[in-house]
Each structure stands twice: as C-alpha cells, then as structure tokens.
Amino acid sequence: MAERDAEEATMSHQAPERSSIPSGDNTVWADISPLLDAACKELGDGEMIHGENFNLFAAMSALEIMDPKMDSGIVSKYCSLDEAIEDGAAPVPLSHDKTIDVQSIIDIMDHLLACEATWHSGHSLAQTVFSCIYLLRLDRTSSHAILHSYCRVIRATCKAVVSVVSDARTHEEEDLFSMTYGLPLDGDGDEKCLSFLNAVEETICRQLRACKAPSSKKRVLEDIEPLQHNLDLEEGFCKALLCRLRFRKHFFHTLACMRRPQGRGFEMARKHIASCILELESILKSAEFLRFGVCGTCKDGIEGKTTASGHTPIGFDASLNSRSAAPTPPRAIKILSWKRAVEYFVKLLHDLDVICSYSLDPSLEGVLRFVVQFQKSKPDLVARAHLQVLLVQDGKLYGRYPIFAVITKASALPEFTKNHDIQKSECFMQLGQLVINMLKILCTNAAWQRRKLGKILQDWRVIYVQLELALRNEVGEVSSNMDDEKMSVKILRHVLNWVEEQTYWIASRFLMLGFELDLYSPSEYCMVYWYLYVVLIKLAEKTHFRMAVSNEPIKRKGKKKKDSLKEVAKESRVHPAILFLQCHMCLAEGLTMMLAALRNDLMVLQSQNPFNTEQERFLQHFELLQKACIPDHISYPSFKESTSYARLSTLVMYNYFKDAQRIAKEIKSSFSNDPEKLAELRRIEQVAEHNGIALNVISRVGALDPSLKV
C-alpha cells in the first residue's frame, strides 16, 4: 500500500516513449523506479511506506501500486486506441494470405461470441465485447465486407440488448450491464446492418456452390472469386462462415420480433429461435474442421479457449477501455470459453422460446404461476428482461388488459365491474401500481426478488388497511335504493379479501426463496417450516373464501329435488386448489413436528451458534414479515409453544406425510390437463413417502441408537 504522497509520486513517473501525456510548464515527469526498488528491498512482509499523517481512512483510499486489480495503468499495453492501431494490433486485411485471413475472421467471430456471453453474465461491456478494436473503429473495416458486416450486426445487437434491459430496469441487479461508457453503440447506418449481412451471406453462398459444383459447371462459375485460394479448405471455410453469419442474422431478428408490442412478434420470433439453435449446432460441428485448419492443431487443445480453432484472435485488447470503463479500478474478467458461450446462447434461446410460447393468460393467477415456473430454470438477465417487458407495457398487462380489470378478475368479481368508477380512486390506483411492481420484482434474480418482496409486504399491508377504511365508509353511507353504491361495497369486499390472499402468497414466496438461496441452516429449518405452515393456513383460508364467493349458489327453478341435492353436494366439495395447498400444509407441518421431536427427544439439530440466540435468528429471518404483521399475533413464543411438546411417539400415531400422499393422489385427476401441477404432485408424493419412511425408522431405532444420523 502507499499513501497519497507516494501515489502522487507514482503519477510523477517518467513518461515512457509512448506516453500520451507530455511534460508541461507546471509538470515535470521524474523516474522514481530506483526509490521504489530500494524501498522494496528494505520492506518486510506486511510493512508499507507512509507519512506521519497516515491513518486507517487513508489506507482504505490508497492504491496498491503494480496490482492489476487496483492500478489500472499497470495492465495497459497501449496508452491509446490510435497507438494500438499504429502498432498493428488490428490490421485490415487481417493477413495478405487469404486463407489465414478467413481463419482469423472466424476466430474473431468466435471470440466476440464468448465476449458477448461474458457480458450477459454481468461484466462490463467495455471490457468484453468492446475490447475488440475493430468495433471501436468500425470505419476501418469498410474495405473488408465480411468483418464489416459482422461488426455492424454485433453493435446493433448490443444496442438492442442494452435497450431491453434498460427498459425493464432489471439492470439494477448488475449496474455495469447497461453502462455504455460512451462506446460507439449508435453508428450511422446500423439500421441497414442486415442488408450488409445478407449481401455478404449471398456472396459466400455463391462461393460455396461454386466449390461444390461438378467440373462441367465450374467453367460457368469461373467468374466467382473464391473465398480463399486453398480449394481443399474452401467448402469448410464457407460453411463455418455461413453458420456464424446466419446465427447473427436470426438472433438479431429474434430480439427485434420480441420487442413488438403485445407479443405480436412471438410467432415469428420462435421461427428465428429455431433457426438460431440449428445454426449453433452447425457452429459446433465446424469446430473439428477449424482445429485442423491451415494454422495447424492447437497444441493445448481447445478446452478453455475462446475460439473453435483454439487460437488466440487478433484485434482485441481489454486494457484499452480499462481507464474509462468505470470510476472504480477495473475488474479482473475471465472471458467464457467458446464452448460455454455456445451453451449459454442455447439456454438463452430456449428461455426466450418459453416466453414466446406463453399463451398470454389474462388471469393474474396464471401469470404468477408462469413466472414462478419460468424462474425455476434460472434464466439469465436478458431473458428475464424480455419477460418483464412483455408483462408490463404502458401500465397494462401485456399492453392489453388494464390492471383494474386484472384485479377484478382475480377477485372473482363479475366482468362488468372492470368499468366501475371506483378504479379512479387513489386507493385503487395505488393498488394497481403495487401489482405492476410485484410483476416486475418477480422477474428479477432470486436474491434481488426475495429482498424486494420482503420490502413490499408492508406496502400491501398498508393498502389493505386503506381498503378496509374505504369499505367502512361505504357501508356507513350505503342506502337500500342505491344499487351503484351497493356494487362499490361488493367490489371493496372482494378486493379486500384478494389483497390479503395475495399478501400471504408473497409471504410464502419470500420464505420459499430462502431455501433456494440456502439462507437457512439445518438447525433453523424447524422455525422456517413452522412459519411457512402458518402462512399457508392463512393463504388457504383466503383462497377458499374467494372461491366460495365466486361459486355462490344461484336460484334453481324447475329442478327435481334429487338433482338439486346433487348440485349442493358438488358445491360442498373442497376445491382442488385448496387441497393442493393442503398438501403443502401437511408437508410443512409434518417436517416442523418431526424436526421439533428430533430436538426434543434426541437432542439433534440443536443450534450451536455462540453469537446469537434462536430467538434473535427468528427475528432476523422473519423481521420483514413481523413488521407487516403477517400473520397477526405470531411471534417466537408462539413458535416455542407449538413445538415444545412434539414427540416421536405421537408423530407416528398421526402421520402428516400420509395425509399429504393421500390428498395428492385424490386430486391428480383434477389436474389431468396441467402437466406442471401433476409433476409437482408427484414430487409431493415422493417427499412425503421418503419422510414418512424416515419418521418410522427414527421412531424405532432413534432412542436405542443415538448415533443414527439424520
């Protein structure tokens, strides 16, 4: 480390011959290398040079000289872009030998693909894609049609991706993603990038046809100049270039189609996605040919390499943008390998295909189910940004359905209520914004999503209180002769119940994401499952009420008594959605009681944390739920009271896991047309069966064999 005086001395370093900062009237460069060499010889481990006024605060602000992560100047090979170009770092053409020129272009394409995948993973655009010198000075490539067209479509693609991520504002997860640092993303004529690409593609197609034509026809095609002069390699190079160019074309079309409003371009986007995946397969197949191409086999193999040939591409220098990339020292970025980059794009395309194949369900329940299911595949930032842009357009669901209409439908209200004037009240406008915010939050990554869901719980609780007050006022003013006011009371009652139901759904999602993020230790599972069980009970109550209201019995005229009884019996059955929640409740309660019994009887899974008590950890995990009073009157003492009497002997007599299995089997037929629900029911059965067996084993030998590990 060095203090500010030493830092200033470093900046007074003798300018090398290539320095772009000349000495002036008030500045003189001095070489302090001998001073630093002498200091290094004298300093021991852990020692540093500092002045008398040096303190801890200064240490936090100091830079470590010669550390690539701290000293941005040390990793720079060139002081400027012009210097790099003059030194021949990015020649045009890439080689006077046309065969090597084509091989080098393919290496650049492959490395750019790896850089793009690395950028999507959250790294800086300046130090990944725009580490390509050709992209920084695109005008220099105008004489090289293949390179020029490819760089143009890369730049246009980057602009499209930055646009969708910025519009969705999911870039908050990774601020560096959408920062362009003044890079040349807006180029003149980029809207014609596909025209350039199509022209180049057509030329290479003709060259491919020429090299594959029988000798009798080759005389006719003699006017077509070959791609390069080695005719044995011509076909392989043409195919390798074509699949890379076509992938770029279809990927750009995919992004453009997905940005059309209200999902109108999804059908066409799916066709381009299918073409992209086919071209990626061709790109993978071309690797074998490129490995044994004109440049020879790569000695170290291609594992970890950023090109299919395994060779280092020319025209790249990540250090050129390191000084302007961010106000902080540059990150150490490891570019993804070429194989991993291809795998990344295959997954991205599959995720985008899932979005495009979505039926745009107008019901909020269907939307939430789709988003939660989609998140299970752990989609990357770009796919989630496209999902969010689809869900919320112009303040409407998919840009089609007003949020108030979505809320009335979710609250089991009649269709005509969506036009009621109550939607203009401030309370309902705030509720609409809460729904929009919830949809946006559900499209973020798991960690960000959990954090934001915990925070908006209080907002949902506040809106519930406001709606409750509005309902009281309406009920107090209602008159028996005023039907419109009666309808407003009905709307408020339905929406009030739905808001509470939705609040408990958010709470359950918040708790489940903790498992996904490994935030709970095994000793805390008992309290987490207990809290989840309590939340699920409330969620089931509110869901049952909503469904009971939506299925209110109508007057039966002219029906036999027998038929009437059958309908009453049918209405009295519990809805499959409630039974589905009951399966989860049985599992949560069974796991809570089994873990509590293990602690009480066998003293296993006890908390050994010396830094905080179990009650403190209870508050840490559920503080946001407690602040929002979800549910009411739930606290650490109530958890202890519920679990202190759990014993293995009583658990075996009443097996919650068997109940979960039984209910899951009973309701399978109700979800015969829903493969996702059926798959989840099968998983519930498996978990219940395994835990039921474990419970029986523990109850038989646990007390006799304390060495049994759970």
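The values are calculated or read from the model by the stated rules, or taken from the named source; none is laboratory data. In this text the structure is predicted, and so the values were computed from the model without any measurement. All Cβ positions, even for glycine, are placed from backbone atoms using ideal geometry, and neighbour counts span all protein chains on display. To get the accessible areas, we keep the full protein, side chains included, count just its heavy atoms, and leave off ligands, DNA and RNA. Shrake-Rupley method; radii C 1.70, N 1.55, O 1.52, S 1.80 Å.
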Selected residue [surrounded by 21 or more Cβ atoms within 10 Å (Cβ to Cβ) and either touching a residue at least 60 places away in the same chain (Cβ under 8 Å) or out of contact with any Leu (no Cβ under 8 Å at 6 or more places or on another chain) (or both)] from Ser411, Ser425, Ser363: Ser411
Residue list for the range 92-135, filter: open to solvent by 40 Å² or more (accessible area, probe 1.4 Å) and not β-branched (Val, Ile, Thr): Pro93, His96, Asp97, Lys98, Ser121, His123
Out of (1) modelled with pLDDT of 90 or more; (2) surrounded by fewer than 15 Cβ atoms within 10 Å (Cβ to Cβ), the odd one out for Arg248 is which? (2)
Does the range 327-336 include one or more residues that are in a helix (DSSP H, G or I), modelled with pLDDT under 95 and not hydrophobic (A, V, I, L, M, F, W, C)? no
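Assess whether Phe622 counts as being closer than 26 Å to Leu453 by Cα and assigned to a helix (DSSP H, G or I).
yes
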Hey, does the range 279-293 have a residue that's part of a helix (DSSP H, G or I) and at pLDDT below 80? no
Out of (1) modelled with pLDDT under 90; (2) open to solvent by 30 Å² or more (accessible area, probe 1.4 Å); (3) not in a loop (DSSP other than H, G, I, E, B), the one Lys665 does not meet is (1)
Somewhere in the range 574-588, is a residue modelled with pLDDT under 90 and over 30 Å from Arg682 (Cα atoms)? no
Every residue in the range 82-91 that is of a type outside the set (D, E, K, R) and open to solvent by 20 Å² or more (accessible area, probe 1.4 Å), please. Ile85, Gly88, Ala89, Pro91
I'm trying to understand the selection: among the residues of the range 21-66, which are in a helix (DSSP H, G or I), modelled with pLDDT of 80 or more and surrounded by 11 or more Cβ atoms within 10 Å (Cβ to Cβ)? Leu35, Leu36, Ala39
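Name the residue, out of Leu467, Leu434, that is part of a helix (DSSP H, G or I) and under 28 Å from the mean Cα position of the chain (by Cα). Walk me through it before giving the result.
Values: Leu467 fails: under 28 Å from the mean Cα position of the chain (by Cα).
Of the residues listed, the single one that is part of a helix (DSSP H, G or I) and under 28 Å from the mean Cα position of the chain (by Cα) is Leu434.
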Looking at Pro402, is it assigned by the TED database to the domain that holds Val129 and either at pLDDT 90 or above or not hydrophobic (A, V, I, L, M, F, W, C) (or both)? no
